[in-house]
1. Would you mind classifying segment 183-222 by shape? Square roots of the alpha carbon gyration tensor eigenvalues, ordered a ≥ b ≥ c; an a/c under 1.5 is rounded, otherwise it is prolate if a/b is larger than b/c and oblate if not.
2. Taking θ = phi - 60°, what integer Hz values does the Karplus form 6.51 cos²θ - 1.76 cosθ + 1.60 yield along segment 227-232, in sequence order, with x for Gly and Pro?
3. Count charges around GLN243 for me, please; just the other residues with Cβ under 11 Å from its Cβ, Lys/Arg as +1, Asp/Glu as -1.
4. Where in segment 206-242 does the label zone of TYR268 land, with the point 7 angstrom along Cα→C-beta and an amide N cut-off under 18 Å?
5. What GluC sites (Glu not before Pro) in segment 1-86 are in a loop by DSSP, with at most 15 other Cβ atoms within 10 Å of the Cβ?
6. Can you tell me how segment 195-249 classifies by the Cα gyration tensor, rounded, prolate or oblate, using a/c under 1.5 as the rounded cut?
7. D for segment 75-178, whole µm²/s, Stokes-Einstein with Kirkwood Rh over alpha-carbon pairs at 10 °C and 1.306 mPa s: what number?
8. Using a ≥ b ≥ c from the Cα gyration tensor of segment 1-156 (square roots of the eigenvalues), is it rounded, prolate or oblate, where a/c under 1.5 gives rounded and otherwise the larger of a/b and b/c decides, a/b for prolate?
Amino acid sequence: MVICIAENRASGAGAIRLLLISIKQYCPTARVVLYFPPADEEFTRWADSLGIVDLRTGPIPGRGHWNIKPYILCILLSEGHDEVWWLDSDVIVTGDFISRYAEISSETLIGSEEALWGARANNGQRTIAWGFTLGRTLPFSLNSGVLRVSASHLAILEQWKQLLESDTYQKAQKLSWTVRPLHLQSDQDLLTALIESRQFQEIPVFMLRRGPDILQYFGYAGYTTSERIRHLFRGMPSFIHTQGWKAWEAPVEELTSRDLRSIFKELYFDLSP
């Protein structure tokens with residue numbers, strides 16, 4: 001089993017450090033493959049000192065930005081790894097997730113429930129829009145920030161790559177996200193379309209639930225009151241996925257106004273998980 005992280009922006013170094021430190025703390029025997037082309041000598045020495053990181057600084061395979069996941073996952077599976085966990089670079093680990101989900105069979109694809117603000121209707125529309133026959137519908141919108149796959153998923157990963165490379169998807173990525181069709185929004189919408197298709201309906205899927213399993217920190221609904229109370233009594237989930245504001249970066253705007261909305265925003269920043 002191996003954990004995979006990829007980042008092609010030098011500005012992502014701080015996030016990667018936090019993620020690696022958290023993996024080292026909670027999963028000290030795990031092996032991590034990190035694709036990070038901007039790594040300098042200091043970062044390389046630091047990553048090597050952790051003793052768990054295989055740092056790869058060559059070009060990241062794929063179609064750029066976030067359209068890289070199936071390419072890297074296929075490479076690592078071809079290298080002989082039985083299972084691969086993908087973690088977005090803005091994830092922080094808050095528990096031993098490897099042990100927690102060890103009993104879920106390798107034939108089961110693990111994904112996660114989308115954040116409240118990012119959730120979209122999940123009625124098979126993506127599958128139908130791609131011209132596939134609908135085989136099932138997932139109970140929640142899928143987020144691909146945390147994934148676990150195995151060799152039994154190579155066929156769907158190869159199909160995922162084909163959709164990412166299609167002219168239809170590539171043309172849509174040049175449009176503003178506000179006008180893109182639902183099935184062309186991002187890489188995870190393509191994966192959803194495939195999972196819900198008849199061709200891949202037999203693949204077991206386990207969804208990490210927002211709240212108990214993963215904290216999808218995105219927008220003002222990113223960490224709800226009910227989730228905070230649950231975590232106070234039952235402990236944190238295994239992952240915090242900071243999709244929106246990054247706690248390790250300066251606020252994107254100066255909070256100079258003292259109106260009620262600004263005061264609430266400042267408080268929300270201060271209470272970031």
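1. Note, shape of segment 183-222 comes out oblate.
2. Values per residue, Gly and Pro as x: 5, 4, 5, 4, 5, 4 Hz.
3. That works out to -2.
4. Correct set: 211, 215-229, 241-242.
5. When the GluC sites (Glu not before Pro) of segment 1-86 are filtered for loop state and at most 15 Cβ neighbours within 10 Å, GLU79 remain.
6. prolate
7. In µm²/s, the coefficient rounds to 99.
8. prolate
The values are calculated or read from the model by the stated rules, or taken from the named source; none is laboratory data. All values derive from a computational prediction rather than experimental measurement. A quick note on method: Cβ atoms are made from the backbone with ideal geometry, for glycine too, and the neighbour counts reach across all protein chains shown. Note: accessible area is taken over every heavy atom of the protein model, side chains too, but ligands, DNA and RNA are not part of it. Shrake-Rupley method; radii C 1.70, N 1.55, O 1.52, S 1.80 Å.
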